[in-house]
Amino acid sequence: MLGLYVHVPFCSAICNYCNFNRGLFDADLKARYVEALIKEIERAGRAGRAGQAGGAGGVGRSAADTIFCGGGTPSLLEPDEIARIIAACESAFDIAVDREVTLEANPESVSEPRLAAYRRAGVNRVSFGVQSFREDELRRLSRLHSADRARAAFAEARAAGFDNISLDLMMWLPEQRVSEWLQSVDASIALGPDHLSLYMLEVYPNAPLKDDMARARWSQAPDEDVAAMYVAAMERLEEAGYAQYEISNAAKPGRRSRHNLKYWTDGEWLGFGCGAHSTRAGVRWKNISSTQEYIDRAGVGGELAVDVRRLTPDEQLGDALFTGLRVVDGIDVNAIQTRYGVDVWRRYGADLEPFLEAGCLRRTGSRLSLTRQGMLLAHEVMSVFV
Ligand code: SF4
(Lines give C-alpha, C1' and ligand atoms only; values in the text may rest on other atoms or scores of the structure.)
Protein backbone atom coordinates (compact mmCIF):
# COMPACT_ATOMS: atom_id res chain seq x y z
CA MET A 1 0.00 0.00 0.00
CA LEU A 2 1.02 3.60 -0.53
CA GLY A 3 2.46 5.85 2.13
CA LEU A 4 1.37 9.49 2.11
CA TYR A 5 3.85 12.15 3.21
CA VAL A 6 2.64 15.68 4.01
CA HIS A 7 5.31 18.35 4.33
CA VAL A 8 4.85 21.28 6.70
CA PRO A 9 7.64 23.81 6.11
CA PHE A 10 7.18 26.11 9.12
CA CYS A 11 9.29 26.48 12.26
CA SER A 12 9.19 28.88 15.23
CA ALA A 13 12.92 29.49 14.85
CA ILE A 14 15.53 28.12 12.49
CA CYS A 15 18.02 25.79 14.16
CA ASN A 16 21.65 26.55 13.39
CA TYR A 17 22.32 23.12 11.83
CA CYS A 18 19.13 22.69 9.82
CA ASN A 19 19.29 21.68 6.20
CA PHE A 20 15.58 20.89 5.68
CA ASN A 21 13.09 22.70 3.47
CA ARG A 22 11.57 25.08 6.03
CA GLY A 23 11.02 28.75 6.89
CA LEU A 24 9.83 30.91 9.74
CA PHE A 25 6.23 30.50 10.84
CA ASP A 26 3.77 33.01 9.48
CA ALA A 27 0.11 32.51 10.43
CA ASP A 28 -1.27 33.90 7.16
CA LEU A 29 1.14 31.94 4.99
CA LYS A 30 0.41 28.80 6.98
CA ALA A 31 -3.37 29.16 6.46
CA ARG A 32 -2.89 29.54 2.70
CA TYR A 33 -0.45 26.63 2.66
CA VAL A 34 -2.98 24.31 4.30
CA GLU A 35 -5.53 25.21 1.58
CA ALA A 36 -2.90 24.47 -1.08
CA LEU A 37 -2.07 21.12 0.51
CA ILE A 38 -5.72 20.12 0.54
CA LYS A 39 -6.08 21.12 -3.11
CA GLU A 40 -3.03 19.02 -4.03
CA ILE A 41 -4.32 15.97 -2.15
CA GLU A 42 -7.79 16.31 -3.73
CA ARG A 43 -6.19 16.67 -7.15
CA ALA A 44 -4.16 13.49 -6.61
CA GLY A 45 -7.43 11.73 -5.78
CA ARG A 46 -9.10 12.99 -8.97
CA ALA A 47 -6.02 12.13 -11.08
CA GLY A 48 -6.10 8.63 -9.63
CA ARG A 49 -9.74 8.17 -10.50
CA ALA A 50 -9.01 9.37 -14.02
CA GLY A 51 -6.07 6.97 -14.21
CA GLN A 52 -3.50 9.72 -14.82
CA ALA A 53 0.17 9.13 -14.15
CA GLY A 54 1.44 10.74 -10.97
CA GLY A 55 -1.97 10.71 -9.37
CA ALA A 56 -3.33 8.52 -6.69
CA GLY A 57 -3.23 5.47 -8.95
CA GLY A 58 -5.28 3.77 -11.64
CA VAL A 59 -8.99 3.99 -11.99
CA GLY A 60 -10.58 4.12 -8.56
CA ARG A 61 -8.99 5.11 -5.31
CA SER A 62 -5.57 3.79 -4.34
CA ALA A 63 -5.02 2.18 -0.99
CA ALA A 64 -2.73 3.80 1.53
CA ASP A 65 -2.01 2.76 5.09
CA THR A 66 0.29 5.47 6.42
CA ILE A 67 0.15 9.25 6.62
CA PHE A 68 3.24 11.04 7.85
CA CYS A 69 3.14 14.78 8.62
CA GLY A 70 6.78 15.85 8.64
CA GLY A 71 8.64 19.09 8.50
CA GLY A 72 9.54 21.65 9.51
CA THR A 73 7.32 21.58 12.55
CA PRO A 74 3.92 20.05 11.76
CA SER A 75 2.79 20.66 15.35
CA LEU A 76 2.58 24.37 14.42
CA LEU A 77 -0.55 23.47 12.46
CA GLU A 78 -3.76 23.66 14.46
CA PRO A 79 -5.45 20.34 15.24
CA ASP A 80 -8.41 21.27 13.03
CA GLU A 81 -6.00 21.90 10.14
CA ILE A 82 -4.44 18.47 10.67
CA ALA A 83 -7.98 17.02 10.79
CA ARG A 84 -8.79 18.63 7.42
CA ILE A 85 -5.60 17.26 5.87
CA ILE A 86 -6.37 13.76 7.13
CA ALA A 87 -9.96 14.06 5.89
CA ALA A 88 -8.66 15.11 2.45
CA CYS A 89 -6.44 12.01 2.41
CA GLU A 90 -9.42 9.88 3.39
CA SER A 91 -11.55 11.15 0.56
CA ALA A 92 -8.78 10.90 -2.06
CA PHE A 93 -7.45 7.48 -1.00
CA ASP A 94 -8.70 4.29 0.59
CA ILE A 95 -6.96 4.66 3.94
CA ALA A 96 -6.64 1.35 5.77
CA VAL A 97 -8.52 0.96 9.02
CA ASP A 98 -5.31 0.03 10.85
CA ARG A 99 -3.54 3.10 9.51
CA GLU A 100 -0.44 4.70 11.04
CA VAL A 101 -0.81 8.49 11.19
CA THR A 102 2.31 10.24 12.43
CA LEU A 103 2.77 13.86 13.45
CA GLU A 104 6.26 15.21 13.98
CA ALA A 105 6.25 17.62 16.88
CA ASN A 106 8.68 19.84 18.69
CA PRO A 107 8.45 19.69 22.48
CA GLU A 108 7.93 23.45 22.90
CA SER A 109 4.92 23.53 20.59
CA VAL A 110 2.61 21.08 22.39
CA SER A 111 0.47 20.80 25.50
CA GLU A 112 -1.76 17.99 26.71
CA PRO A 113 -5.00 19.55 25.36
CA ARG A 114 -3.33 20.25 22.00
CA LEU A 115 -2.03 16.68 21.77
CA ALA A 116 -5.43 15.31 22.74
CA ALA A 117 -6.94 17.40 19.93
CA TYR A 118 -4.44 15.96 17.43
CA ARG A 119 -5.48 12.52 18.57
CA ARG A 120 -9.13 13.32 18.01
CA ALA A 121 -8.10 14.62 14.58
CA GLY A 122 -6.86 11.13 13.70
CA VAL A 123 -3.17 11.21 14.60
CA ASN A 124 -2.10 7.99 16.35
CA ARG A 125 1.69 8.37 16.47
CA VAL A 126 3.80 11.31 17.63
CA SER A 127 7.46 11.76 16.84
CA PHE A 128 9.23 14.32 19.03
CA GLY A 129 12.38 16.07 17.89
CA VAL A 130 14.21 15.93 21.22
CA GLN A 131 17.82 15.65 19.95
CA SER A 132 19.42 15.74 23.42
CA PHE A 133 18.54 15.64 27.10
CA ARG A 134 21.47 17.90 28.02
CA GLU A 135 20.86 21.64 28.31
CA ASP A 136 24.33 22.61 27.09
CA GLU A 137 23.92 20.53 23.93
CA LEU A 138 20.43 21.87 23.23
CA ARG A 139 21.77 25.42 23.55
CA ARG A 140 24.63 24.69 21.16
CA LEU A 141 22.07 23.44 18.63
CA SER A 142 19.96 26.60 19.22
CA ARG A 143 16.94 24.44 20.02
CA LEU A 144 14.00 26.22 21.67
CA HIS A 145 13.13 23.52 24.21
CA SER A 146 14.79 22.35 27.42
CA ALA A 147 15.29 18.76 28.52
CA ASP A 148 12.51 19.22 31.07
CA ARG A 149 10.13 20.48 28.37
CA ALA A 150 10.93 17.38 26.32
CA ARG A 151 10.09 15.16 29.31
CA ALA A 152 6.90 17.13 29.93
CA ALA A 153 5.87 16.86 26.27
CA PHE A 154 6.37 13.11 26.40
CA ALA A 155 4.21 12.85 29.55
CA GLU A 156 1.56 15.05 27.95
CA ALA A 157 1.46 12.80 24.89
CA ARG A 158 0.99 9.72 27.06
CA ALA A 159 -1.70 11.51 29.09
CA ALA A 160 -3.42 12.44 25.82
CA GLY A 161 -3.63 8.72 25.02
CA PHE A 162 -0.76 8.19 22.57
CA ASP A 163 0.57 4.65 22.82
CA ASN A 164 3.01 5.06 19.94
CA ILE A 165 5.60 7.76 20.60
CA SER A 166 8.97 8.14 18.95
CA LEU A 167 11.90 10.30 20.02
CA ASP A 168 14.64 11.64 17.74
CA LEU A 169 18.11 11.97 19.23
CA MET A 170 21.27 13.25 17.61
CA MET A 171 24.81 12.10 18.30
CA TRP A 172 28.18 13.60 17.44
CA LEU A 173 27.08 17.02 18.68
CA PRO A 174 29.64 19.77 19.23
CA GLU A 175 31.65 19.05 22.39
CA GLN A 176 29.68 15.84 23.01
CA ARG A 177 31.73 12.89 24.17
CA VAL A 178 30.62 9.27 24.54
CA SER A 179 29.48 9.49 28.16
CA GLU A 180 27.43 12.63 27.48
CA TRP A 181 25.72 11.04 24.52
CA LEU A 182 24.84 8.01 26.61
CA GLN A 183 23.21 10.28 29.19
CA SER A 184 20.68 11.26 26.53
CA VAL A 185 20.22 7.64 25.50
CA ASP A 186 19.60 6.62 29.12
CA ALA A 187 17.25 9.57 29.68
CA SER A 188 15.25 8.44 26.64
CA ILE A 189 15.09 4.85 27.81
CA ALA A 190 13.92 6.07 31.22
CA LEU A 191 10.87 7.66 29.57
CA GLY A 192 10.01 4.42 27.74
CA PRO A 193 9.16 5.65 24.22
CA ASP A 194 7.92 3.07 21.74
CA HIS A 195 10.43 4.02 19.06
CA LEU A 196 13.75 5.83 18.85
CA SER A 197 15.63 7.34 15.92
CA LEU A 198 19.32 8.04 16.44
CA TYR A 199 20.88 10.34 13.87
CA MET A 200 24.37 11.60 13.42
CA LEU A 201 24.72 15.38 13.21
CA GLU A 202 25.99 16.51 9.85
CA VAL A 203 27.46 19.99 9.89
CA TYR A 204 26.81 21.43 6.44
CA PRO A 205 29.37 23.84 4.99
CA ASN A 206 26.94 26.77 5.00
CA ALA A 207 25.26 25.98 8.34
CA PRO A 208 25.43 28.78 10.94
CA LEU A 209 26.50 26.06 13.37
CA LYS A 210 29.77 25.78 11.49
CA ASP A 211 30.55 29.42 12.29
CA ASP A 212 29.33 29.00 15.87
CA MET A 213 31.71 26.07 16.27
CA ALA A 214 34.64 27.98 14.85
CA ARG A 215 33.97 31.01 17.09
CA ALA A 216 33.47 28.99 20.26
CA ARG A 217 36.16 26.43 19.34
CA TRP A 218 33.72 23.57 19.75
CA SER A 219 34.85 20.29 18.27
CA GLN A 220 33.18 17.03 17.32
CA ALA A 221 34.42 13.78 18.82
CA PRO A 222 36.92 11.71 16.80
CA ASP A 223 35.61 8.99 14.47
CA GLU A 224 36.38 6.13 16.84
CA ASP A 225 34.26 7.81 19.53
CA VAL A 226 31.35 8.18 17.13
CA ALA A 227 31.55 4.46 16.41
CA ALA A 228 31.56 3.81 20.16
CA MET A 229 28.55 6.14 20.61
CA TYR A 230 26.58 4.26 18.00
CA VAL A 231 27.41 0.75 19.14
CA ALA A 232 26.92 1.50 22.85
CA ALA A 233 23.57 3.19 22.21
CA MET A 234 22.24 0.28 20.18
CA GLU A 235 23.41 -2.16 22.85
CA ARG A 236 21.70 -0.18 25.61
CA LEU A 237 18.51 -0.01 23.61
CA GLU A 238 18.57 -3.76 23.06
CA GLU A 239 19.07 -4.37 26.78
CA ALA A 240 16.03 -2.15 27.39
CA GLY A 241 13.79 -4.20 25.07
CA TYR A 242 14.15 -2.31 21.81
CA ALA A 243 15.12 -4.07 18.60
CA GLN A 244 17.17 -2.21 16.04
CA TYR A 245 15.42 -2.61 12.69
CA GLU A 246 17.22 -0.04 10.56
CA ILE A 247 20.60 1.69 10.67
CA SER A 248 19.23 4.61 12.70
CA ASN A 249 16.05 3.18 14.20
CA ALA A 250 15.00 0.91 17.03
CA ALA A 251 11.54 0.01 18.27
CA LYS A 252 9.58 -1.95 20.81
CA PRO A 253 7.78 -4.99 19.32
CA GLY A 254 5.12 -3.92 16.80
CA ARG A 255 6.24 -0.30 16.84
CA ARG A 256 8.48 -0.03 13.78
CA SER A 257 7.67 3.00 11.65
CA ARG A 258 5.48 1.50 8.95
CA HIS A 259 5.72 4.69 6.92
CA ASN A 260 9.51 4.96 6.94
CA LEU A 261 9.83 1.26 6.16
CA LYS A 262 8.27 2.00 2.76
CA TYR A 263 11.31 4.13 1.91
CA TRP A 264 13.69 1.29 2.79
CA THR A 265 11.82 -1.71 1.41
CA ASP A 266 11.20 -0.72 -2.19
CA GLY A 267 7.77 0.69 -1.41
CA GLU A 268 5.78 3.50 -3.02
CA TRP A 269 4.73 6.82 -1.59
CA LEU A 270 3.23 10.14 -2.58
CA GLY A 271 4.52 13.36 -1.07
CA PHE A 272 2.37 16.48 -0.73
CA GLY A 273 3.58 19.99 -0.04
CA CYS A 274 6.57 22.05 -1.09
CA GLY A 275 9.71 20.06 -1.79
CA ALA A 276 7.97 16.71 -1.11
CA HIS A 277 9.25 13.67 -3.00
CA SER A 278 7.16 10.88 -4.52
CA THR A 279 7.98 7.48 -5.95
CA ARG A 280 5.38 5.48 -7.79
CA ALA A 281 5.38 2.90 -10.60
CA GLY A 282 9.04 3.51 -11.41
CA VAL A 283 8.61 7.30 -11.60
CA ARG A 284 10.17 9.67 -9.10
CA TRP A 285 9.30 13.32 -8.79
CA LYS A 286 9.76 16.23 -6.46
CA ASN A 287 7.47 19.17 -5.83
CA ILE A 288 8.64 22.72 -6.21
CA SER A 289 10.62 23.74 -3.09
CA SER A 290 9.47 27.33 -2.58
CA THR A 291 6.50 27.60 -0.20
CA GLN A 292 5.10 30.71 -1.89
CA GLU A 293 5.49 29.30 -5.37
CA TYR A 294 3.85 26.06 -4.25
CA ILE A 295 0.85 27.97 -2.86
CA ASP A 296 0.56 30.07 -6.03
CA ARG A 297 0.70 27.08 -8.36
CA ALA A 298 -1.63 24.90 -6.27
CA GLY A 299 -4.13 27.79 -6.16
CA VAL A 300 -4.50 27.86 -9.96
CA GLY A 301 -4.19 24.10 -10.47
CA GLY A 302 -0.70 24.55 -11.95
CA GLU A 303 2.05 21.94 -12.23
CA LEU A 304 3.63 21.30 -8.84
CA ALA A 305 6.08 18.59 -9.79
CA VAL A 306 9.54 19.53 -10.95
CA ASP A 307 12.30 17.09 -11.64
CA VAL A 308 10.12 14.19 -12.84
CA ARG A 309 12.18 11.16 -13.75
CA ARG A 310 11.34 7.66 -14.94
CA LEU A 311 13.91 5.39 -13.34
CA THR A 312 15.69 2.88 -15.53
CA PRO A 313 15.38 -0.77 -14.43
CA ASP A 314 19.01 -0.58 -13.27
CA GLU A 315 18.32 2.51 -11.16
CA GLN A 316 15.30 0.83 -9.59
CA LEU A 317 17.39 -2.21 -8.78
CA GLY A 318 20.22 -0.07 -7.39
CA ASP A 319 17.78 1.83 -5.18
CA ALA A 320 16.14 -1.37 -3.93
CA LEU A 321 19.53 -2.81 -2.96
CA PHE A 322 20.92 0.43 -1.57
CA THR A 323 17.96 1.22 0.66
CA GLY A 324 17.24 -2.45 1.44
CA LEU A 325 20.59 -2.79 3.13
CA ARG A 326 19.58 -0.09 5.60
CA VAL A 327 17.16 -2.47 7.30
CA VAL A 328 18.58 -4.98 9.73
CA ASP A 329 16.84 -7.85 7.93
CA GLY A 330 18.69 -6.83 4.76
CA ILE A 331 17.87 -7.89 1.22
CA ASP A 332 16.30 -11.12 0.03
CA VAL A 333 18.32 -11.86 -3.10
CA ASN A 334 15.73 -14.39 -4.29
CA ALA A 335 13.03 -11.73 -4.13
CA ILE A 336 15.31 -9.37 -6.05
CA GLN A 337 15.83 -12.06 -8.70
CA THR A 338 12.07 -12.51 -9.02
CA ARG A 339 11.28 -8.79 -9.17
CA TYR A 340 14.22 -7.52 -11.23
CA GLY A 341 15.50 -10.68 -12.95
CA VAL A 342 19.00 -10.06 -11.63
CA ASP A 343 21.26 -12.51 -9.84
CA VAL A 344 22.80 -10.28 -7.13
CA TRP A 345 25.71 -12.66 -6.53
CA ARG A 346 26.59 -12.92 -10.18
CA ARG A 347 26.44 -9.18 -10.76
CA TYR A 348 27.90 -7.83 -7.51
CA GLY A 349 29.51 -10.86 -5.86
CA ALA A 350 33.13 -9.87 -6.55
CA ASP A 351 32.58 -6.37 -5.09
CA LEU A 352 30.68 -7.70 -2.08
CA GLU A 353 33.19 -10.42 -1.19
CA PRO A 354 35.71 -8.14 0.61
CA PHE A 355 32.91 -6.78 2.82
CA LEU A 356 31.76 -10.32 3.65
CA GLU A 357 35.32 -11.29 4.55
CA ALA A 358 35.77 -8.17 6.68
CA GLY A 359 32.64 -8.99 8.69
CA CYS A 360 30.70 -5.97 7.40
CA LEU A 361 28.16 -8.09 5.54
CA ARG A 362 26.40 -11.27 6.56
CA ARG A 363 24.88 -13.90 4.28
CA THR A 364 22.08 -15.94 5.85
CA GLY A 365 20.29 -18.22 3.41
CA SER A 366 19.02 -15.94 0.66
CA ARG A 367 19.41 -12.81 2.79
CA LEU A 368 22.24 -10.35 2.66
CA SER A 369 22.49 -7.86 5.53
CA LEU A 370 24.87 -5.46 7.20
CA THR A 371 26.40 -6.43 10.51
CA ARG A 372 26.52 -3.68 13.15
CA GLN A 373 30.15 -3.20 12.24
CA GLY A 374 29.04 -2.90 8.63
CA MET A 375 26.47 -0.25 9.54
CA LEU A 376 29.33 2.02 10.53
CA LEU A 377 30.66 1.68 6.98
CA ALA A 378 27.25 1.53 5.34
CA HIS A 379 27.97 4.11 2.66
CA GLU A 380 31.06 2.25 1.49
CA VAL A 381 29.21 -1.04 1.29
CA MET A 382 26.15 0.47 -0.40
CA SER A 383 28.27 2.26 -2.99
CA VAL A 384 28.73 -1.17 -4.60
CA PHE A 385 25.14 -0.82 -5.86
CA VAL A 386 25.18 2.72 -7.28
S1 SF4 B 1 12.86 22.42 14.13
FE2 SF4 B 1 13.67 20.90 12.67
S3 SF4 B 1 13.03 21.63 10.65
FE4 SF4 B 1 12.76 23.34 12.08
S5 SF4 B 1 14.65 24.52 11.90
FE6 SF4 B 1 14.93 23.10 13.61
S7 SF4 B 1 15.88 21.26 12.68
FE8 SF4 B 1 15.04 22.52 11.01
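In the complete set of protein chains, residue-level accessible area for K30 is approximately 20 Å², probe 1.4 angstrom. On a per residue basis, the chain carries 42 Å² of accessible surface, using protein heavy atoms and a 1.4 Å probe.
So what is log10(I(q)/I(0)) for the chain at q = 0.07, 0.12, 0.13, 0.14 1/Å, when the Debye sum runs over its Cα atoms only? Calculated log10 I(q)/I(0) at the listed q: -0.33, -1.02, -1.20, -1.37.
The phi-based Karplus calculation (6.51 cos²θ - 1.76 cosθ + 1.60; θ = phi - 60°) puts the 3J(HN,Hα) values of the range 172-185 at 6, 6, x, 6, 7, 10, 4, 5, 5, 4, 5, 4, 5, 4 Hz, whole numbers, x for Gly and Pro. Annotation: lysines with alpha-carbon distance below 16 angstrom to K262 (same-chain offsets under eight excluded): none found. Across q = 0.10, 0.11, 0.24, 0.26 Å⁻¹, the range 89-175 modelled as identical point scatterers on its alpha-carbon atoms has Debye log10 I(q)/I(0) values of -0.30, -0.35, -1.11, -1.23, in the order of the q list. One compactness figure for the range 114-239 is 1.13, namely its Cα radius of gyration divided by 2.2 N^0.38 Å.
To the nearest 10, the accessible area of R177 is 80 Å² with a 1.4 Å probe. Heavy-atom accessible area with a 1.4 Å probe sorts R236, R46, R99, largest first, into R46, R236, R99. Mean separation of Cα pairs under 8 Å and 6+ residues apart, divided by the residue count of the range 300-386: what relative contact order is that in percent? Computed over the range 300-386, the figure is 33 percent. Ordering 101-112, 153-164 by mean Cβ neighbour count within 10 Å, with the highest value first, yields 101-112, 153-164.
Where does the Debye-calculated log10 I(q)/I(0) of the range 222-365 sit at q = 0.13, 0.15 Å⁻¹, using only Cα point scatterers of equal weight, no solvent? Per q value, in the given order, log10 I(q)/I(0) is -0.81, -0.98.
For the range 282-317 and the range 84-121, what is the separation of their Cα centres, given in Å? Cα centres, the range 282-317 to the range 84-121: 25 Å.
Taking the accessible area of the chain, probe 1.4 Å, and keeping the other protein chains in place, the carbon and sulfur fraction comes to 50%.
Output the relative contact order of the chain, whole-number percent, from Cα pairs under 8 angstrom with separation of 6+ residues.
Here the relative contact order equals 14 percent.
With R₀ set to 25 Å, the beta-carbon distance separating R139 from E239 gives a calculated FRET efficiency near 0.25.
Ordered from largest to smallest accessible area (heavy atoms of protein chains, 1.4 Å probe), the residues S179, S142 come out as S179, S142.
The values are calculated or read from the model by the stated rules, or taken from the named source; none is laboratory data. What you are looking at is a predicted structure, and each value in this text was computed from that prediction instead of being measured. Reconstructed Cβ throughout: ideal geometry from the backbone, glycine too, with neighbour counts over all protein chains shown. Protein only, heavy atoms only, side chains kept; ligands, DNA and RNA dropped before computing areas. Shrake-Rupley method; radii C 1.70, N 1.55, O 1.52, S 1.80 Å.
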